[in-house]
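Rule-based calculations on the coordinates, nothing more; no lab input. The structure displayed is predicted, hence computed values, not measured ones. Positions of Cβ are backbone-derived with ideal geometry, glycine not excepted, and every protein chain shown enters the neighbour counts.
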Amino acid sequence: MWGFTEEQIAGFGLTIGIGAFMLYMLFIIGQLAWESKAGKFGTFVIFLGLAFGMLGFVAKGIIQWAIGH
């Protein structure tokens, strides 16, 4: 399809799709924190938990890139 292999399309979906989903999750968590009036500390804890998951995803990509090159 448009000169891309199936592996390349899957790679795009993984990086761009998951990245977009993570940004959407940030929006959802921010909205939940705002609506629940979680306060500064509660909002920090919510985003900290989410950030650890995102950090793991980014670290996986960096490690794969480092091993591949």
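Remark on the chain: Rg and Dmax equal 16.2, 50 Å (Cα only).
Couplings 3J(HN,Hα) of the stretch 54-65, computed from phi: 5, 4, x, 5, 5, 4, 4, x, 5, 5, 4, 5 Hz, in residue order, whole Hz [Karplus 6.51 cos²θ - 1.76 cosθ + 1.60, θ = phi - 60°; x for Gly and Pro]. Length gained on full extension, THR15 to VAL45: 8.2 nm, using 0.36 nm per residue less the C-alpha separation. The C-alpha atoms of the chain define a longest principal axis, and helix 18-35 lies at about 10 degrees to it. Mind listing which trypsin sites (Lys or Arg not before Pro) in the stretch 33-69 are in a DSSP loop and have 12 or fewer other Cβ atoms within 10 Å? Sparse-neighbourhood loop trypsin sites (Lys or Arg not before Pro): LYS37. Of the GluC sites (Glu not before Pro) found in the stretch 1-50, none is in coil by DSSP with at most 16 other Cβ atoms within 10 Å of its Cβ. Put in line by how crowded their Cβ is, counting other Cβ atoms within 10 Å and starting with the fewest, THR43, THR5 read THR5, THR43.
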